[in-house]
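Comments concern the structure below.
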Amino acid sequence: MKRREFVQQAMAAAVLGLSREQVAHLLRSEAPPLPSDALYERDPRWYWAEMRRQFLLDPNHINLNCGSLGVCPLPVIRAVAEHLFTSEAFNEPDYPWWGYAENEHIREVREELAQFLGVSRDEIALVRNATEAMNTVCNGLDLNRGDVVLTTDQEHPGGLCCWQQKEARFGIRLRYVKLPLPPASKEQILELFDGALTPEVRVVSFSHITTTTGLVLPAKEICALARERGILSVVDGAHAIGQLPLNLREIGCDFYATSPHKWLLAPKGTGVLYLREGVQDRLWVNIASGEWNNKALKAYRFSNLGTCNLSLLKGLLAALRFHRQIGPERVFARQRELARLVYEGFQHLPQAKLLTPDHPELWGAMTTAQFPEAEAERLRRVLTEHRIRVGGGGPRLRISTHIFTQPEEIATFFAVLARALKT
Ligand SMILES: Cc1ncc(COP(=O)(O)O)c(C=O)c1O
């Protein structure tokens, strides 16, 4: 092998977190074509088995934790790698801006994301993840001592700690809705929010899909309750893009944070923040650089973070196109079909208490069961020994199902679990 090729491969391996052999393979081979619609109609099992060839996943491991981190398919990895290699030739006619003013590459990503999310490009900021998006909103808002922010007891630190820091630093007050485990109905959840959205509340901040149990909160109705009382709504939708059909205009929130590197299968370190046009001017930027106060930039003011990683944004665009090419409806249906297998599997284990509600409106593709805490820890150890990765902490096991998940992997997971529970 030529020295140049060797260096290229070693560099890509380091950047992409792959072995040099995997990179060599990747750069040599085109991604296999997507399985055809005809195959889907004829034999969906085979179609989804074929789909697995789009992923580099090690067949000796079972990955049931897409909720923490998604898995990039080959077209996404290729898009990142190709940009990385071609851009370093620095042969563009213009100055090769990686960030600062919005260039054509960034515009394209914002445009397609905006279309996908049912909003306008001027309302989309690109950041690194949902945590950064939530911090951008929280730190950018002027709130006074004593102002109340309503949230829930099921938030992820990435969407909660910004408010807790504001509480410690500026004396705002946090109030928590206690979500039932599991809730009986959407109406029960709405009653809890309705009762808690009192006149001192300035902001309501909640997860669209909770990290703990995969519960899908009725975001549209909660935002409507907030709006009719003049309360700002901030939705932490880290898990939602790629797991739920999303139209942010219909949801009617003021701010929406999401992490495409989870369910949209985008490169790690890609995040999206939606800022409704009417509320953008109420926010200070979190990271100030040139044009920090140029409100004419609209949402781009919050993307102006200095130099960024265009290669990852190319991957984000490829992930969005991959999702659309398969078809969101088909992806969501498959995620749920597999989640149903998980649900039924847990139902057959008397030791498991299901925390995810069995209701299509309140449940997507993450299913959580609770065990006595020491038992859950032991089960996690056994699963790790069998190279099965699951999510959840403390007493909970959380199982995520996506299009790369095979039904046989779910069967293996339950076989290992059932054996471990007998010992
Ligand atoms: C509800 C929720 N919000 C925020 C985050 C943080 O996501 P990220 O690490 O992509 O910022 C997570 C991560 O799992 C999450 O579950």
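The values are calculated or read from the model by the stated rules, or taken from the named source; none is laboratory data. Since we're looking at a predicted model, the values are computed, not measured. Quick reminder, even Gly has a Cβ in these numbers, built from the backbone with ideal geometry, and neighbours come from all protein chains shown.
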Notebook entry, point to check: Would a scan of region 101-118 turn up a residue that is surrounded by 17 or more Cβ atoms within 10 Å (Cβ to Cβ), modelled with pLDDT of 95 or more and under 30 Å from GLN164 (Cβ atoms)?
Noted result: yes
Note to self: Quick check on region 255-273. Is at least one of its residues of a type in the set (D, E, K, R) and away from the ligand (no atom under 11 Å from the Cβ)?
What the structure shows: no
Note to self: Conditions first: (1) out of contact with any Gly (no Cβ under 7 Å at 6 or more places or on another chain); (2) free of Cβ contacts under 8 Å to residues at least 60 places away in the same chain. LEU215 passes all but one, so which condition is the exception?
What the structure shows: (2)
Check: Would it be correct to say that ASN144 is closer than 28 Å to LEU297 by Cα, free of Cβ contacts under 8 Å to residues at least 60 places away in the same chain and not basic (Lys, Arg)?
Finding: yes
Item checked: Subset of region 132-173 (residues that are of a type in the set (A, V, I, L, M) and surrounded by 16 or more Cβ atoms within 10 Å (Cβ to Cβ)) -> ALA133, MET134, VAL137, LEU141, LEU143, VAL148, VAL149, LEU150, LEU160, ILE172
Item checked: Qualifying position, being surrounded by 19 or more Cβ atoms within 10 Å (Cβ to Cβ) and either assigned by TED's automatic domain parsing to the domain that holds GLU111 or more than 16 Å from the ligand (Cβ to nearest atom) (or both), among ARG334, ARG324 -> ARG334
Next item on the list: Among the residues of region 230-256, write down those that are surrounded by fewer than 24 Cβ atoms within 10 Å (Cβ to Cβ) and over 23 Å from GLY140 (Cβ atoms).
Entry: LEU244, PRO245, ASN247, GLU250
Notebook entry, point to check: Quick one: which strands (runs of 3 or more DSSP E) sit completely within region 144-262 and have at least 1 residues that are within 26 Å of ASP122 (Cβ to Cβ)?
Noted result: 201-207, 232-236, 255-258
Next item on the list: Scan region 190-211 for residues that are in contact (Cβ under 8 Å) with a residue 60 or more places away in the chain and under 17 Å from GLU361 (Cα atoms) and jot them down.
Entry: ILE209, THR211
Check: In this structure, is TRP284 within 15 Å of the ligand (Cβ to nearest atom) and in contact (Cβ under 8 Å) with a residue 60 or more places away in the chain?
Finding: no
Notebook entry, point to check: Hey, LEU225 hits all of (1) away from the ligand (no atom under 16 Å from the Cβ); (2) surrounded by 23 or more Cβ atoms within 10 Å (Cβ to Cβ) but one; which does it fall short on?
Noted result: (2)
Margin query: Can you list the helices (runs of 4 or more DSSP H) lying wholly within region 57-143 that have 1 or more residues being more than 16 Å from the ligand (Cβ to nearest atom), of a type in the set (Ser, Thr, Tyr) and out of contact with any strand residue (DSSP E or B) (no Cβ under 8 Å at 6 or more places or on another chain)?
Written below: 74-87
Next item on the list: Return the total of residues in region 377-423 being surrounded by fewer than 20 Cβ atoms within 10 Å (Cβ to Cβ) and among the small types (Gly, Ala, Ser).
Entry: 6
Margin query: Being touching a His at 6+ places or on another chain (Cβ under 9 Å) and either touching a residue at least 40 places away in the same chain (Cβ under 8 Å) or more than 28 Å from ALA296 (Cα to Cα) (or both) is true for just one of PHE85, PHE116. Which residue is that?
Written below: PHE116
